[in-house]
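Heads up: the structure comes next, in structure tokens.
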Amino acid sequence: MEFFPLLEELHIEKCPKLVTIPGHLFCIQNIEIRKKRYSFSSKKIGNGLTSTIVVDSHSTNVSTLILHLLEASSKSLRSLGIADLKELCYLPKQLLNLASLEHLTVSGCPKLMYIGEEETGAEFNSCLTSLQVLSIDKFSQLRCLPKGLLQPTLVRLQITGCSNLTEAGPNELRNLTSLRDLELKRCNSQWERCWEEGQFCLNSLQTLVVGYFSEELDYLPWPEVEMAKAQNLQHYPFMFLESLTLWGWRKLKCLPDQLRHLNSLRKLEIWNFGGLEALPEWLSNFSYLESLILNRCSNLTRLPSLENFQLLKNLQSLDIFECPLLAKRCKEGGEEWHKIAHITIHHRIAHIPTRLIRGNFSNFSFL
């Protein structure tokens, strides 16, 4: 007898000895395996069963349970999220057989060393031909990605906080021709080199988040372009990029000069450029820019000149957060006020040390 034939959502929590689930439940499309209920936002995919399994992070049965889930739902699973499993050391090779899997998110498993199997030297053929979203976050012990995990079908890729991860092969990266969103942060020097050598220069990219590289560097690495191609702007990396977020560190005093050619940008975020004192004049090249966000740039004092800043005719909003010197100069009557007065006032976001204030600033006095 099959129980619960109409079941659409399943939550299992605090069952440390659980290793199997009845097979008739496995028309599952979404599985989340995690320690804390708030780690993922639950979402239903199509008409399939949404399953959330919250396990004891110290359970010795976690790997066995994951293996059972992957084998039982191998034909239907479209989304898999694994997070906050402190004792998980590897993910089984059955993960690479999920032909219908579209979303894979693995986060906060500090002892995880391998995806695909324990280290045996063997290579596995991947069947992840439907994978569109891959997110790998906070793995200090993860050493390598199995071949075939970086599928040409990927639309979004996030690799952050993986300090021991060796780089993927250049052919794998250049084959990501469908990739629209890329986030690359807190990676080791091998990934920094991979980034600087242009292996992520994909014209399909629309959103890019990059940075938090080695704090020993006094510049933010950016892919170079061959001088022979310099006269043809279509060869510049990321020419169709619409949203760019740069994460810096204390030493950085300037933005990469190569950014001046990203004429299609609509949103620019600059975080943690501790030594940056002024925004470059070439910012005026971003004629489509609608949103500019400046965050935690403690020494930033100046915007581009009035003439250049007013060329940003599409600019609708300005965020200034934890940039105390610039915030003071941007108050009404301040040294920078005349540059931003043309921005519609209800779109402006001003920084106060403890919060953001939105709304009409006509009678507001900055602290």
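The values are calculated or read from the model by the stated rules, or taken from the named source; none is laboratory data. None of the values given here were measured: they were computed from a predicted structure. Cβ placement follows ideal geometry from the backbone for every residue including glycine, while neighbour counts extend to all protein chains displayed. Calculation scope for accessible area: heavy atoms of the full protein, side chains included, ligands and nucleic acids excluded. Shrake-Rupley method; radii C 1.70, N 1.55, O 1.52, S 1.80 Å.
Rolling a 1.4 angstrom probe over the stretch 193-335 with all protein chains present gives an accessible area of which 46% lies on carbon and sulfur atoms. The figure for ARG296 is an accessible area of roughly 100 square angstrom, using a 1.4 Å probe on the protein chains alone. Packing, as the average of other Cβ atoms within 10 Å across residues, places the peptides 129-135, 330-336, 208-214 in the order 208-214, 129-135, 330-336, highest first. Couplings for the stretch 314-320, taken from phi via the Karplus curve 6.51 cos²θ - 1.76 cosθ + 1.60 with θ = phi - 60°, read 9, 5, 10, 9, 10, 9, 10 Hz in order; Gly and Pro are left as x.
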